Each structure stands twice: as structure tokens, then as C-alpha cells.
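The values are calculated or read from the model by the stated rules, or taken from the named source; none is laboratory data. The shown structure was predicted, so the numbers you read here are calculated from the model rather than taken from an experiment. Here the Cβ positions follow ideal geometry from the backbone for every residue, glycine too, while neighbour counts run over all protein chains shown. Surface areas here come from the heavy atoms of the whole protein model, side chains and all, with no ligands, DNA or RNA. Shrake-Rupley method; radii C 1.70, N 1.55, O 1.52, S 1.80 Å.
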Amino acid sequence: MKSYNVCLKDTVKKFTKRLFYALFDSEQEEAYGEYLEKTFLKITSKLDIDNGKAIWESFKSELPEIRKILDLDAIAFENNDPASHCLDEIYMAYPGFHAISIYRLSHALYKRDVYILPRMMSEYIHGITGIDIHPGATIGESFYIDHGTGIVIGESSIIKSNVKIYQGVTLGGIQVSKDLASTKRHPTIDDNVTIYANATILGGDIVIGKDSIIGANVWITQSVPENSLVTYQTEIKIRPKKNGIR
Amino acid sequence: MKSYNVCLKDTVKKFTKRLFYALFDSEQEEAYGEYLEKTFLKITSKLDIDNGKAIWESFKSELPEIRKILDLDAIAFENNDPASHCLDEIYMAYPGFHAISIYRLSHALYKRDVYILPRMMSEYIHGITGIDIHPGATIGESFYIDHGTGIVIGESSIIKSNVKIYQGVTLGGIQVSKDLASTKRHPTIDDNVTIYANATILGGDIVIGKDSIIGANVWITQSVPENSLVTYQTEIKIRPKKNGIR
Amino acid sequence: MKSYNVCLKDTVKKFTKRLFYALFDSEQEEAYGEYLEKTFLKITSKLDIDNGKAIWESFKSELPEIRKILDLDAIAFENNDPASHCLDEIYMAYPGFHAISIYRLSHALYKRDVYILPRMMSEYIHGITGIDIHPGATIGESFYIDHGTGIVIGESSIIKSNVKIYQGVTLGGIQVSKDLASTKRHPTIDDNVTIYANATILGGDIVIGKDSIIGANVWITQSVPENSLVTYQTEIKIRPKKNGIR
């Protein structure tokens, strides 16, 4: 039976954790800079990726830019969440921020045509946060995710700036056959859109126009003009309880 | 660029794990008592919290009381879940019980005006269980959570005794501006209420009356009198399949 | 106060991880074979399970068969997901495959009347993936799970071959009293059924007939004939935005 390098999961986990620490803490960066490079080269070599050294240098040179964009994300979190007490809390204890951080790092590798490593990084953070952002997604500035468990953002999604997304939201595909894998399968979300909990938006040709609000639990497979409010009328019955719910 | 103490995540993770072990296993308590105190003081010092020693002593003196309340929670689990085989299984393998344990510990610190540390503890267990209980929530005795993935319980929620909550339930806020952060933003759930999977209850002035049952997928932004049954009529169509789901 | 062996969680976590690695990587199998046996015996001894050695030998002899079935699952993943780039990626970075692997291993122990250990294994992988498959469930060949966060598959569920399940799907029970714990409480899903995101199917006497498609968000407490399409008509309102969503 074929052997798979599954224990690389552990290596990628430690690498991704250290990379996150180094990005936000200069002491960690100094202490683990060498480890990060060595481990990156080890991983790329195990994954038969040529040119690991050049990819690392190029990736490393983008880190300060990634850090700047993440600082903007953190400010968006601070502004949007009434429960946040200070900016430090965002960096230390917000799973949405953690997930966006690893997404921005994995996306930088994905753009350099590295594939399995960023997917392993995205699954590492999916495992911790329940937030599943494919490294191929394109996400603009000041992105805010609240709570986050259950969020799915597909590979060819495009999210512009100042977008807010709540737990359980799916930006997904209508099931397509394998030969359509390289087409745009996931929606586009324009500037300043808010998508409330458990809304599902499906399809590669769908555009949610800017400044729109998508209500909770809404199921959308059509485009929405800018400045729309999309809601989902639930009719609930409140009555005296007798026996059970069936 | 500013450095953040992000690698404290690791320290808090180990601390919280050891604290949970010590709470339920006297051998662990003996073996790690000193470690727990030392690590608590290290964390509070890194977070610029004054008075770490006094907070630790006071927190430590509450642990036997927390343990007693958790033993009541465990009994509620054993009574409510037909799949549980014995009480040991609750302590060893129930994510809902694990999440409630860390919530009760983090809440004890939150009450002592420690803030970022309990939030990091709640994110540690959110990461493991998918259950996001803010340390500020107020939760009564004999609380039962089944499965749990996707549950969100906001900071100012009040949950009384004998409440049962299933996976995906949100006790959340209607979005408010930052200056309303200190008002009650999340609902109150009275005694003996059951809330089935994926129900969403939003708003700080909402009260779910005692002995009520909230059906799955219900979306509520109004109060409900005691002894109510709230359901959500889904109309499904069953028909012979032709092609696809769109 | 009674002590519980809660720190066994850590031992089971390492054991389960190493078992997964050994199953797919012959080098790991060689390096950790002895560790796996020793740790299994330690765990079963702590859990007061008689006959640990005989259970281990019998379990070990089933591993090549489990590996073969998992290789079929991996092929189902590769065929079903347009986003997958190669078979390696399934083994390295798919949480659904990871969860099915640990399920098949835990189920083999459950069949041998070991109970708490497989439940701890299932909670270990539930913690990583958000996918909660009870070790008692019966699942056929070529099972496919996409994304997976929030999936719940109850103890007495029966899933036949070539079934596909998306994130947030529940195969659950109608609440029953504790004395009905040993009856079939969860549904049966026949061959070639697809169940889209967040659908909920409840009840032990429910059968979803073969070749059926269950649409997203559908809530089912009745059986469905084979070759059905079950959908859930959501009516959304799209209108110009004024103020807020209430």
C-alpha cells in the first residue's frame, strides 16, 4: 500500500503557529526566523516542490505587507464588535482574526503556485476555529468575521473591502462536474456588504452588490443589486406546550 | 510595528488544560498545583494585571464550589443523553461538559475583573469544541449542551437552571453601536427551557419564559411566555428527482 | 470528591494521532508500532477493560482492511470535490477524510465492546474537524463529507454506500427517554444519497430511499421514497435597504 506523508500535518501545524507568532511578535520572529526557513524548506522538499528557497525568500519579503493588512483587519474587528475591550484582545483571543491571518499567509503561498502546503495551513486553522477559508479566495481589506464556527469560503470567492461575515455563512458552489474545476465556482461579495449568521450564497456568477445586507439564514442563488436588504421571512408559531415537538 | 504577546496563546492553552485536569483529578492537582500558580502569575504579569497573587488565592478558594456545580452539570448530562453509557464518559468524552467546565472557570476570573485571560480560555475551548460561551455570561445549575458545535452564547446572556441547548444555537445580540457595549445585549433564558438545534434568539430585552420549548431552526427576536412551544413550520417538497437542485 | 482520569484525554489524543499516521505511512508504522500497543494496553488498563491484549491483537489484524476501505473513501473524495488537486491532498488536508478515518478505527473498537476509548477518539476528531460521528454508527463504502463543520451522525445511524454529506447535516434522534437508549434512534440513509448543507434528518424509523437528493436546510422526520428530490422552498425578500434588519 502506498505511504502518504501524513505526519507532515504535525510539522505544518508547528510551522503555521510559529509563523503567526513571528508575524506579530518581533521577539518570536528573532527566535524562530531560522526555524521557519529550515522548516519551510523541509516541508517543500517533502512535497516535491522545486525551488523552495526562492519561494521562501519571495514569501518572506511579502510578510511586512501582510502584517500591515492584518493590522487593518484588527481595527475592523475592534470597531465592529461591541464585546471587544481593547485592540490586544483581537490579536490574542479572536478566532476570526486568527483565521484571517492564516488565510492571508496561505494565500500568499497559493499565489506562488504552492498548493498542498497552504491547504494544510487552512485546514490547521479550520481545525482550531471552524472557519474554512480556501487559500485561493481573494479577500480585500478590513475583513471582519464574528464567532466564525461553520463559515465556508470557497476557492474562487471574491470578497472586496469592509465586508462583515457572521458564523455559519457559506460562500459555496453549485455542484459542478470535475472538468469545470478551473472556472469561477463561488460568489463575489462587493464592498461594505454584511452577511448575517448561517446565510448561504451559492454560484460562481452571483454578485452581492455593494452596501447590501444579507439577513440570517437567507439562501441565495441569484445576484442582488447594490444597497439591497435581503431577508427571509420565518413564520414561527408560539403556542401553549402540550407534548413534544414532532 | 507593535509586538503582541500572541505566543501567550500556548501558555494559556497548557494552563487551562492543566487547570481542568486538576479540578477533576486529585493526583493531577497535587502534581501541578505549583505549576498552575506560577503560570497564572506569569500570565497576569504579561497581561499587566496587578495583584495576580491575590486574584489567584481568591480564585483558588472558589474551585471546590465550581467543582460541585460541575458535578451537577455532569449529572444533567447523564440524565439527558440516551447515548451516554456512564457518568465517567461525561467527564472523559463530552465536549459540552468540557466547554461548560472551562466557562465556569473563566467566569470566576471574569467576575474578578480579569478580562483577556478568561477570553483566551474561552477561545481555547471554543477551538476544541466549537462552543463559544463568553466568560461574561451568567449560567445557572444543571446546564446541558448536546453536541455543541456552532453554539454562541453572548456576554450578557442570562441562563437560569436546568436549561438544555443543542448544537448551533445562538443567544446573540441585535447589532448595536459600540457605545451600547455595556448594556444588556443578549437574551435571558428562564428555568427548564429546551432550545433545539440551530435556533437563534437575539436581543437584550428578550426573555424566554420558563418550561418553554424552542424548536429547531426557530429565529426569535421577541419574548415568549412561560410554558410555550415555539415551532417553525418548514414546508418541504418531496418529488421524483429529475436533474439537480437549483 | 471523586477523581476522574481526565488527563487520559491527552494520552488518547497522541495515541489516535499516531494510529492515523501509522495507518497511512509505513515508516510511521514501523517507528511507532510498539508505542501504539503499549499505549493501548495502558489506556485499556486505566479504563478497567479486561483483555486489552486480545482486543489489541484482534483490532490490529483488522487494520489492513480498514486501510483498504479508507483508500476507497479517498477516491470518492477525489471524484466528488472539484477543488481537490490530487489524491495526496485528500490524505493530507481534508478534514472529512480525517474524520472518516478516525470513525472507521473507533468503530472497529466499538464492535469489540470497547466503549469509552472509541468515544474519546471520536471526540478527539470532533474537536479537530467539527464532525461528530458516533463510533456506533454503521457506514458503508465510499463515504464523502465536504467541509464538515457541524455534522452530527448519531449512534444508531445506518449509512449505506456512496453517500455524500455536506457541512452542518444532522442525522439525529427525536428526544427519547433513557430507557429507549438501546432502540434504533437515528435514521437510515440508503445507497447514493446526497444530503446538502444543514439538512436535519431525525428519527430511528426514518429511511431515505436510494438515489435521493436532500436539499440544503431541509428538516425531515418522515421517510422518503427512493429517487426523490426533497427541497425546502425559502422565500426571500430583496428590497432597498433602509435601516437595520429587525
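Listed by chain and number, the lysines whose alpha-carbon sits under 24 Å from that of residue C:2, ignoring those within fewer than 8 places in the same chain, are B:14, B:17, B:60, B:68, C:13, C:42, C:46. The lysines within cross-link reach of residue B:241, meaning a Cα-to-Cα straight distance under 25 Å and a gap of 8 or more places when in the same chain, are A:178, C:160, C:164, C:210. Farthest towards the positive end of the charge dipole of chain C, among the residues C:125, C:171, C:3, is the Cα of C:3, using unit charges on the Cβ of Lys, Arg, Asp and Glu. Projecting the Cα atoms of C:106, C:23, C:77 onto the dipole axis of chain C, where Lys and Arg carry +1 and Asp and Glu carry -1 at the beta carbon, places C:106 farthest toward the positive end. Express in whole angstrom the spacing between the alpha-carbon centres of segment A:174-238 and segment C:28-90. If you average the Cα positions of each part, the centres end up 40 Å apart. Remark: segment A:61-72, residue by residue, has Karplus-estimated 3J(HN,Hα) of 6, 8, 4, x, 5, 4, 4, 4, 5, 5, 5, 5 Hz, where x stands for each Gly or Pro and the curve is 6.51 cos²θ - 1.76 cosθ + 1.60 at θ = phi - 60°. In the context of the full set of protein chains, segment B:1-131 has a per residue accessible area of 39 Å² (1.4 Å probe). Annotation for residue A:35, label-to-label distances across the other copies: 1.9, 1.9 nm (shortest first, one decimal, point 7 Å from Cα along Cα→Cβ). For the pair residue A:48 and residue C:11, a Förster radius of 41 Å applied to the C-beta separation gives a FRET efficiency near 0.75, rounded to the nearest 0.05.
Give me the aspartates and glutamates in straight-line cross-link reach of residue A:242: C-alpha distance below 15 Å, same-chain residues under 8 apart excluded. Once the sequence-local aspartates and glutamates are set aside, what remains near residue A:242 is B:211, B:226. Here segment A:133-188 is described by how far its Cα atoms reach on the three principal axes: 34, 21, 15 Å, from widest to narrowest. Mean-square fluctuations from a GNM of chain B, with a 10 angstrom spring cutoff on Cα atoms, peak among B:213, B:131, B:174 at B:174. In terms of its C-alpha gyration tensor, the protein assembly as shown has a rounded overall shape, because the principal axis ratio a/c (a ≥ b ≥ c, square roots of the eigenvalues) stays below 1.5. Rg ratio for segment C:1-112: its Cα radius of gyration over 2.2 N^0.38 Å, N being its residue count, equals 1.19.
In this assembly of identical copies, the label point of residue B:53 (Cα plus 7 Å along Cα-to-Cβ) is separated from its counterparts by 5.5, 5.5 nm, sorted shortest first. Comparing the full protein assembly with the isolated chain, the residues of segment A:63-83 losing at least 20 square angstrom of accessible surface (1.4 Å probe) are A:67, A:82, A:83.
Summed over qualifying helices (DSSP H, 4 residues or more, each -39500 (n - 2.57)) and divided by its residue number, chain B shows a 222 nm mean residue ellipticity of -14500 deg cm²/dmol. Rounded to whole numbers, the Karplus 3J(HN,Hα) couplings from phi for segment C:192-209 are 6, 7, 10, 10, 7, 3, 6, 5, 10, 10, 10, x, x, 9, 8, 10, 9, x Hz, using 6.51 cos²θ - 1.76 cosθ + 1.60 with θ = phi - 60°, and x at Gly and Pro. Taking Cβ atoms as reference points and 13 Å as the exclusive limit, the residues near residue A:17 contribute a net charge of +3, counting Lys and Arg as +1 and Asp and Glu as -1.
Between 0 and 90 degrees, the angle of helix B:8-24 with respect to the longest Cα principal axis of chain B falls at about 80 degrees. What is chain A by shape, rounded, prolate or oblate, if you read a ≥ b ≥ c off the alpha carbon gyration tensor as root eigenvalues and call it rounded for a/c under 1.5, prolate for a/b larger than b/c, and oblate otherwise? Here chain A falls in the prolate category. Distances between copies at residue A:174, taken between label points 7 Å from Cα along the C-beta direction, are 3.6, 3.6 nm in increasing order. In this Cβ point-charge picture (+1 for Lys and Arg, -1 for Asp and Glu), the protein assembly as shown has a dipole of about 1040 debye about its Cα centre.
The listed peptides B:189-196, C:147-154, ordered by packing as a protection proxy, come out as C:147-154, B:189-196 (highest mean of other Cβ atoms within 10 Å first).
Amide H to amide H distances under 5 Å link residue A:220 with A:200, A:201, A:202, where only residues 5 or more positions off or on other chains count and H is placed in the peptide plane. Each of C:224, C:156, C:240 was placed along the dipole of chain C (beta-carbon charges, centred on the mean Cα), and the one lying farthest toward the positive end is C:240. Averaged over the residues of C:163-170, the number of partner chain Cβ atoms lying within 10 Å of the residue Cβ comes to 4.
Magnitude of the charge dipole for segment C:132-246, about its Cα centre and with charges confined to Cβ atoms of Lys, Arg (+1) and Asp, Glu (-1), is about 820 debye.
I need the shape label for segment C:137-232. Rule: rounded when a/c is under 1.5, else prolate if a/b > b/c, else oblate, with a, b, c from the alpha carbon gyration tensor. Because its axes are fairly even, with a/c under 1.5, segment C:137-232 counts as rounded.
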